[in-house]
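Before any comments, here is the structure.
Rule-based calculations on the coordinates, nothing more; no lab input. Please read all numbers here as calculations on a predicted model, not as lab measurements. No Cβ is skipped: glycine too gets one built from the backbone with ideal geometry, and neighbour counts run over all protein chains shown.
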């Protein structure tokens, strides 16, 4: 009796098996996508709209939180929930770009150093990274943003500073792969460096790097908000700047200060949880930097 | 042992020199290359207010000081920040270390995760937002001075200073404890998985003795080094939290000096942070001997 399954059934079984194996990884982007859609729905807030929210009026149109406006309204009557969400989107976007840029930079530098045959370069850069990690991150950033601080400078600064903590684990992961048996065999068999890198080294390192970057994202969001709070990133709409402006009205309208902070905490908590999940699935083995 | 200490001391001094030059480079980059200032960091006049008449000076009046006055100001600020750091580090090291050890001891129940969870959740609240909300709440609901500069005690026991220090230390401590529990537990759990431990268990040593006498005793140096890595993060948090709570510490001095483009203020406050950071790292390295 011929018990062989037909081709489509075998294909379906294979797909199902593959999906069950990668189900965690396949599900991983979903919460990020949902959070992104929720945050970015309605676009970013313009600077003029933001400035009008905190303009001083003789008879301000603000309202305390109620059933209609969960977070209350600003001085121009704008809904604070919507404003907090849109400014939070801007903070997350900036932190995301910085983290991605920093991770890419860390990968590039670590690859160059690790695959370099001269061992001294690697040791020198490792020592430099150890020294660099002694600098409190906000210290370097507040000095960098002291004159004409803007988003571009903040992104560059945060990206450079994320390179230091990421480069050490990256160095270890790449070394682990470089000295592994299959890579050595491929090198002996005469495969090109580029092929080995593209097919065998990068896919494993790339997944772990994504996990590590996900754990750094909430810390970067907190840092961006803190620097905006100190008015070092210009007048770009941000939750930090909302809290900073809200302080001016803390007696008349304390909700202008409190509720953006609540929104920021909730978003950072969501990003932290997703970061832990990503790190455990992608086996980055890194501790979240602070939160 | 003495050579080990001398060597680590030499490395620490070297690191401090490198970081000092990096700091000067960053100041030059920010103010002269990215900004439009012509006061280069290598010019002595840039550090003395005498070359700038007060009316056109970049230094505000409270930052125009002689060398002795600068040192006295730094001493005052260090005292204020020292209190905050003392409270925060005390909380981090006692709670973080003991709970981390407990988490590792009860590793089969994943206790470390549950112990660090509330702290991790609280660490998601932006620290600057927390201190401002506490100040507002303190003023409105408890009819007490809100921000740190609201009331200065002239006579009698100055309990308010410690209350203010505790408010700033709390967000730092929460994040630090969460990180420390996970870091200590991860390190001890990794050691507990080492194959040499099985020998002692086969010999009949019980799990508790093995944990405290073998694993913990073996890793105590490494744990001290792990603990020293939290110091730069705490110092970074000071830079954000002190201006937010209007507390006159070294962090506030740095931000005030940056706003006033005062090179001596920036250099002295940054150098103070770097010295503390390097000293903490030195302590960790002196105690750490890889078994």
Fill in the blank from the handout: Which of A:67, A:152, A:279 fluctuates most in a GNM of chain A (C-alpha springs under 10 Å)? That residue is A:67
Exercise for the section: Calculate the mean, over all residues of peptide B:181-191, of how many other protein chain Cβ atoms lie within 10 angstrom of the residue's Cβ. Expected result: 1
Handout entry: Estimated 222 nm signal from helices in chain A, with DSSP H stretches of n ≥ 4 weighted -39500 (n - 2.57), rounded to 500
Key = -22500 deg cm²/dmol
Handout entry: With 5 Å bins from 0: P(r) over segment A:37-165, alpha-carbon pairs, percent
Key = 2, 9, 13, 14, 14, 12, 10, 8, 6, 5, 3, 2, 1, 0, 0
Practice task
Post the alpha-carbon centroid distance, segment B:128-148 to segment A:73-94, in whole angstrom.
Solution key: 24 Å
Fill in the blank from the handout: For chain A, longest principal axis from Cα atoms; helix A:29-40 axis from its Cα atoms; angle between them, nearest 10 degrees, is 20 degrees
Exercise for the section: With 10 Å bins from zero, work out the P(r) of the protein assembly as shown over every alpha carbon pair and list the percent per bin. Expected result: 3, 15, 24, 26, 18, 9, 4, 1, 0, 0, 0
Handout entry: Residue with peak Gaussian network fluctuation, chain A [Cα springs, cutoff 10 Å], from A:246, A:211, A:132
Key = A:132
Practice task
Return the distance in nm (one decimal) between the two label points of a simple spin-label model at residue B:109 and residue B:198, each offset 7 Å from Cα along Cα→Cβ.
Solution key: 2.7 nm
Practice task
Using a Förster distance of 51 angstrom, determine the FRET efficiency expected from the C-beta separation of residue B:213 and residue B:143, and round it to 0.05.
Solution key: 0.40
Completion exercise
Exposure proxy check on B:191, A:248: fewest-to-most Cβ neighbours within 10 Å is A:248, B:191
Fill in the blank from the handout: Listing B:180, A:171, A:193 by rising number of other beta-carbon atoms within 10 angstrom, fewest first, gives A:193, A:171, B:180
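Give me the number: length gained by fully extending residue A:59 to residue A:188, i.e. 0.36 nm times residue separation minus the C-alpha to C-alpha distance, one decimal in nm.
Here the answer is 38.5 nm.
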Problem - GNM flexibility winner over chain A from A:164, A:250, A:210 (Cα, springs under 10 Å) - result: A:250
Fill in the blank from the handout: Relative contact order as a percentage, chain B, C-alpha pairs under 8 Å and 6+ apart, gives 27 percent
Handout entry: Full-stretch length increase - residue A:19, residue A:38 - with 0.36 nm per residue and alpha-carbon distance subtracted
Key = 4.1 nm
Fill in the blank from the handout: Computed over the Cα atoms of chain A, the Rg and Dmax in Å are 23.9, 91
Handout entry: Cα point-scatterer Debye curve for chain B, base-10 log of I(q)/I(0) at q = 0.10, 0.12, 0.13, 0.16 Å⁻¹
Key = -0.69, -0.91, -1.02, -1.27
Handout entry: Helix A:151-178 vs. chain A, principal-axis angle (Cα, 0 to 90°, nearest 10)
Key = 20 degrees
Exercise for the section: Taking 7 Å along the Cα-to-C-beta vector as the label spot, tell me the residue B:90-residue B:75 distance in nanometres, rounded to one decimal. Expected result: 2.4 nm
Exercise for the section: Measure off 7 Å from each Cα along the Cα-to-Cβ vector at residue B:158 and residue A:176, then give the distance between these two points in nanometres to one decimal. Expected result: 5.1 nm
Practice task
Give the relative contact order (percent, whole number) for chain A; include only Cα pairs under 8 Å separated by 6+ residues.
Solution key: 22 percent
Exercise for the section: With the Cα gyration tensor of segment A:178-291 in hand, convert its eigenvalues to equivalent ellipsoid semi-axes via √(5λ) and list them largest first in whole Å. Expected result: 46, 14, 8
Problem - Degrees separating the helix A:80-114 axis from the principal Cα axis of chain A, which is the longest one - result: 30 degrees
Problem - Protection-proxy order for peptides B:27-36, B:278-287, each taking the mean of Cβ atoms within 10 Å per residue, highest first - result: B:278-287, B:27-36
Fill in the blank from the handout: Taking R0 as 41 Å and r as the Cβ-Cβ distance between residue A:104 and residue B:271, the FRET efficiency 1/(1 + (r/R0)^6), rounded to the nearest 0.05, comes to 0.80
Fill in the blank from the handout: Mean shadow area (nm²) of the C-alpha convex hull around segment A:88-152 is 5.5 nm²
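Would you calculate, for chain B, the mean residue ellipticity at 222 nm contributed by helices, counting each DSSP H stretch of 4 or more residues as -39,500 (n - 2.57) and dividing by all residues, to the nearest 500?
Values: 11 runs with 193 residues, N = 291.
It comes out at -22500 deg cm²/dmol, rounded to the nearest 500.
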Practice task
Just subtract the alpha-carbon distance of residue A:128 and residue A:52 from 0.36 nm times their residue separation and send over the number in nm, one decimal.
Solution key: 22.7 nm
